[in-house]
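Let me give you the structure first, and then I'll get to my questions.
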Amino acid sequence: MVFDDLSPGYAAIVGVTEPLVALLVIAFLARGIPRVLFIAQLVYWSLSYIARPILLLQVRPVPAFGDSIADTRVANTGYDYNISHILPTVTWSLWIYVAMVFVFVLWQRTRPTEVMLPIQSRNTIATLGATWAITSLVRLYAYFAGQPGRAGEITSAHPYIQFFTDMGSLAAIGLILYFHSSRLPVLVLVFTFAAGGELLWGIATESKTPFLGAVLAAVIRMSAGRVSRGRVAAIVGASIGAIALFSSLQSVKEDANTAILTAGADRSYPLAVQPFLSILRRFDLFASATDVYFLDGRPYIGSGDVLSRMFLNLVPQQLGIQKIQSGTEWANMVRGSSVDMSGVQVSLAEGHFAEGYAVAGYLGVAAESLFVIAMIVLVGKSLASRFLPFIMLGLVFISLPPLFERGALGITETLGKGLQAVAAVSALGVVMWFFSRRSDEPPVLDFPDADSSSAQLINMEREDLR
């Protein structure tokens, strides 16, 4: 074979690359929003299962305090040996997922083509704008009061503030997806404030989620029409630029102690990759695959427990339901089986491959893959809707990344929390409709350039809606 001369670690990386390439090809055959979400999964998983192992094999860093990339478990008995044993489970899990996506795409292409992003009513756009304005004020208060929260926090000292600041992402992403104007300066201004606000809030909270959600929304909007070579190049270039921008600006928010620890850990890596280490640290599904490998068959929760907890995750905690955070449980039970996690309070992203395999082997992977694809279909249907609560449900899964880095438990946790935000924004929409008493018909838009592709797209969507 061509790859016989590769070391075992690099051969395992090649093995992971093959299903990811197959997923890319199949994803481009998909239609609508699912196509974009499949490609987003590909980006997350490529950074986790290809870029991060390659970095470990190339640098072979010595584990140090403050460095979450170099894993003591992997380094102790050799990066090459351990990577060659960790990644095969990921490879087979990916092939299971790719096969299911292929079946879904075949089914999808037998169905009528749907409008990807329909023109929304004035009331919907006004509700999104009002929500964004209100939550932006709450974010400013939280920041200057020293209460913005941090990524990975188990609990919030100010849950109501946290609730409103999270809703800000839903509103910003909704405006990026649905706001239209015949005046280009207005359009650019709204997009700049929405995306820029998410970037700044991501820096304030030291989280990749807000800005990457805005980038994903922009990609979905750019993909709403025909996918030309120029548009693909623009999407890829914008995505790479966004990731590099976030990585470079992330250091602005680091306090002195964190900056010292990070600088010390970064010195183990070549200068060329140091600007991207903050991003690679946040795409850590390889660590979850490592957790499963070192779990070595020890018991985790059963499949019955997963099903019951998926249902309970949808019930509001205010009704007295006792919930268990799956990310915290993973840290304690799975990673804690091979790493001393005593005294460490953290919630980890486990991914549906790792969670499914830990629960029920490859049968668990297949079950969770089916659930993830079903959720992708639901999100696509939601964003193609003109019913505000359904739209907001789709926005929850664009603003947050559970479809890319969480298992079934984490996805249903997000869904349960998102339903509360859906209810709040929908209530605001009802109030605004009551006071405005305006028609709920799509607005008539006047395009200065009738030959532009965006104008043609919106006009075609309006005709489809009629």
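Would you mind counting up the charge near Ala265? Only other residues with Cβ under 12 Å from its Cβ, with Lys and Arg at +1 and Asp and Glu at -1.
0
Give the relative contact order (percent, whole number) for segment 10-149; include only Cα pairs under 8 Å separated by 6+ residues.
32
Averaged per residue, what accessible area in Å² does segment 1-100 show with a 1.4 Å probe, protein chains only?
Accessible area per residue, segment 1-100: 42 Å².
I've got another one for you. If I take R0 = 45 Å and measure r between the Cβ atoms of Leu140 and Ala64 in this structure, what FRET efficiency does the formula 1/(1 + (r/R0)^6) give, to the nearest 0.05?
So, using R0 = 45 Å, E works out to roughly 0.75.
Using a Förster radius of 35 Å, what is the FRET efficiency between Arg31 and Val430 based on their Cβ-Cβ separation? Nearest 0.05, please.
Calculated value: 0.60.
How far is it, in nm, from the label point at Leu314 to the one at Leu378 when both lie 7 Å from their Cα along the line to the Cβ?
0.6
Using packing as a proxy for protection, rank 363-375, 71-83 so that the peptide with the highest average count of other Cβ atoms within 10 Å comes first.
363-375, 71-83
Using a probe radius of 1.4 Å on heavy atoms only, what accessible surface per residue do you get for segment 345-393? Whole Å² is fine.
Per-residue value: 34 Å².
Here is a further query. Could you grab the relative contact order for segment 88-210? Cα pairs under 8 Å, six or more apart, rounded to a whole percent.
Contact order relative to length: 26 percent.
Also: Compute the length gained on full extension between Thr192 and Ser337: take 0.36 nm times their separation in residues and subtract their Cα-Cα distance, giving the result in nm to one decimal.
Extra length available between Thr192 and Ser337 comes to 47.6 nm.
A further question follows. How long is the gain from Phe102 to Asp305 if the chain were fully straight, where each residue apart is worth 0.36 nm and the alpha carbon distance is subtracted?
70.1 nm
For a quick protection proxy, order the peptides 403-409, 43-49, 421-427 by their average other-Cβ count within 10 Å, most packed first.
403-409, 43-49, 421-427
Averaged per residue, what accessible area in Å² does segment 266-309 show with a 1.4 Å probe, protein chains only?
48
Treat every Asp and Glu Cβ in segment 1-129 as -1 and every Lys and Arg Cβ as +1, leave all other atoms uncharged, and give the resulting dipole magnitude about the Cα centre to the nearest 20 debye.
Magnitude of the dipole: close to 660 debye.
How do the peptides 330-341, 299-310, 159-170 rank, highest first, by the average count of neighbouring beta carbon atoms within 10 Å per residue?
My ranking of the peptides, most packed first, is 159-170, 330-341, 299-310.
Work out from phi, with θ = phi - 60° and the Karplus expression 6.51 cos²θ - 1.76 cosθ + 1.60, the ³J(HN,Hα) of each residue of segment 413-429, listed in order in whole Hz, and give x for Gly and Pro.
4, 4, 5, x, 5, x, 4, 5, 5, 4, 5, 5, 5, 5, 4, 5, x
Please compute the contact order of segment 1-67 in relative form: average sequence separation of alpha-carbon pairs under 8 Å and at least six residues apart, divided by the residue count, as a percent.
RCO, segment 1-67: 37 percent.
The values are calculated or read from the model by the stated rules, or taken from the named source; none is laboratory data. Quick caveat: nothing in here was measured; it's all calculated off a predicted structure. All Cβ positions, even for glycine, are placed from backbone atoms using ideal geometry, and neighbour counts span all protein chains on display. The area values use the complete protein model at the heavy-atom level, side chains included, leaving out ligands, DNA and RNA. Shrake-Rupley method; radii C 1.70, N 1.55, O 1.52, S 1.80 Å.
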